[in-house]
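Engineer: Encoded as structure tokens, here's the structure I'll be asking about.
The values are calculated or read from the model by the stated rules, or taken from the named source; none is laboratory data. Just so you know, these numbers come straight off a predicted model, no measurement behind them. Quick reminder, even Gly has a Cβ in these numbers, built from the backbone with ideal geometry, and neighbours come from all protein chains shown. To get the accessible areas, we keep the full protein, side chains included, count just its heavy atoms, and leave off ligands, DNA and RNA. Shrake-Rupley method; radii C 1.70, N 1.55, O 1.52, S 1.80 Å.
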Amino acid sequence: MENLNETNQTAIIETMLYNGPIGNKFEQLVEGVEFTPISRIIAESFIDNAKRGTLSFLKAQNVNFNLGGIYEMKYSLLKDICKVMEEIQATYLTFTFVQIDPRDQRLQCKPYSENKMMYMIASLQTQSKETIKENNYLIINVKQDLSLGDLKISDEDLNGFRESYLKNGHLLLTDYLKNNNTLYISYHIVDLLDTLSKDVCEQFIINLCEISDVKKVIFENNLGDRLLQDQYKKFFETREKQMTLVFSTDKGYYDMGSLYP
């Protein structure tokens, strides 16, 4: 499978709003400096929203996910994957939602279960969003002693994990999220390198989130008169109740990805 997004996804990809690096969307919403960073306010609203919404729904439907919807990714692995991207001239790191056996010997996941769990597999893609052949990796919740080479998986295996999700978790979530059901999340290499340079840490926490009513949250925190309407409309106006990933460290929260669809 040379193209991660198969024929039925081509139209979706061609109509996406985001091309190139977009920075941390959480930090482009209000003018001036806030007492509490707007990135923290919005990100925490996404996390809380998921607990009440998406994660609660998945649990009720017996769809397994990592404990609390919280995943981990080592800083060193993300740095290594960016080096590979530079070497092979990949533009995007794209996470595909899949369902995978949490007992896979390469993973460290909770809770351990006989049921497959929601997971995100990273693929290296070109500027035109085509996956560079056989460049897929397990980089989330992996065992500490494994290298990037140990974590590489085939296009065929990725396709199998993806099909498992499409027939189960994705199908159920479509009833809940309607048309706002995320299949992929892409990160431009410029955004990844920027985050790596700003926040040197041991690991990133990756939160499985649900986008909240961003404008409402901003007004509730008395920042409505400083809202940058263009940025809000571009990134969040039509995204409420959509699943996304939010990276976090002790320093802050990062949301750099473009959501598909």
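Engineer: Test of understanding: what is the full-extension gain from Asn159 to Lys233, defined as 0.36 nm times their sequence separation minus their Cα-Cα distance?
Structural biologist: 23.3 nm
Engineer: Which percent, nearest 5, of DSSP beta bridges in the chain are antiparallel?
Structural biologist: Roughly 95 percent of the DSSP beta bridges within the chain come out antiparallel.
Engineer: Further question: Using the structure shown, select from Lys143/Lys198; Lys25/Lys79; Lys25/Lys241 the pairs with a Cα to Cα distance greater than 23 angstrom.
Structural biologist: Beyond 23 Å: Lys143/Lys198.
Engineer: In the chain, what percent of the accessible surface is made up of carbon and sulfur (1.4 Å probe, ligands and nucleic acids excluded)?
Structural biologist: Taking all protein chains in place, the chain shows 46 percent carbon and sulfur surface.
Engineer: Okay, next question. Could you order Val190, Val142, Val200 so the one with the most accessible surface comes first? Probe is 1.4 Å.
Structural biologist: Listed by decreasing accessible area, they come as Val200, Val190, Val142.
Engineer: Follow-up question, since we're still on this one. For Cα Rg over 2.2 N^0.38 Å, the choices are (i) 0.96; (ii) 1.03; (iii) 1.25; which was calculated from the structure?
Structural biologist: Label of the calculated value: (i).
Engineer: If you roll a 1.4 Å probe over the heavy atoms of the protein chains, what accessible area per residue do you get for the chain, in Å²?
Structural biologist: Here the per-residue accessible area is 46 Å².
Engineer: Which residue, Glu163, Glu34, Glu44, has the most motion in a Gaussian network model of the chain that connects Cα atoms within less than 10 Å?
Structural biologist: For the chain, modelled as a Gaussian network with Cα springs under 10 Å, the answer is Glu34.
Engineer: A further question follows. For the residue pair Asp48 and Ser197, what label-to-label distance in nm results when each label sits 7 Å from Cα along the Cα-to-beta-carbon direction?
Structural biologist: Calculated label separation equals 3.5 nm.
Engineer: On a C-alpha basis, how far is the centre of region 185-218 from the centre of region 134-168 in Å? Whole number, if you could?
Structural biologist: Between the Cα centres of region 185-218 and region 134-168 lies a distance of 21 Å.
Engineer: Follow-up question, since we're still on this one. Charges at C-beta only: +1 for Lys and Arg, -1 for Asp and Glu. How large is the resulting dipole of the chain about its Cα centre, in Debye rounded to 20?
Structural biologist: For this selection, approximately 540 debye.
Engineer: Please state, rounded to one decimal and in Å, the Kirkwood hydrodynamic radius that region 146-225 gives when every pair of distinct Cα atoms enters the mean of 1/r.
Structural biologist: 16.9
Engineer: Determine how large the accessible area of Arg40 is when every protein chain is in place; take a 1.4 Å probe and give Å² rounded to the nearest 10.
Structural biologist: 80
Engineer: Oh, and also: Taking a quarter of the surface of the convex hull around the Cα atoms of region 57-208, what do you get in nm²?
Structural biologist: 9.0
Engineer: OK, next. Please check: in the Gaussian network model of the chain (C-alpha springs, under 10 Å), which one of Glu72, Glu210, Glu237 has the largest mean-square fluctuation.
Structural biologist: Highest fluctuation of the listed residues: Glu237.
Engineer: If the cut-off is a Cα-Cα distance under 19 Å, which lysines reach Lys167, setting aside same-chain residues fewer than 8 apart in sequence?
Structural biologist: Cross-link targets: Lys59, Lys116, Lys178.
Engineer: On to the next question. Any chance you could look up the accessible area of Lys251 with a 1.4 Å probe, heavy atoms only, rounded to 10 Å²?
Structural biologist: Approximately 140 Å² of Lys251 is accessible to the 1.4 Å probe.
Engineer: Answer with one residue from Gln61, Asn221, Met243: the one whose Cα lies farthest towards the positive end of the charge dipole of the chain, charges on Cβ with Lys, Arg +1 and Asp, Glu -1.
Structural biologist: Result: Gln61, furthest along the dipole toward the positive end.
Engineer: Keeping every protein chain in place, order Phe95, Phe35 by accessible area at 1.4 Å, biggest value first, i.e. largest first.
Structural biologist: Accessible-area ranking of Phe95, Phe35, largest first: Phe35, Phe95.
Engineer: Under a GNM of the chain (C-alpha, springs under 10 Å), which listed residue has the highest mean-square fluctuation: Leu148, Leu173, Leu55?
Structural biologist: Maximum among the listed residues: Leu148.
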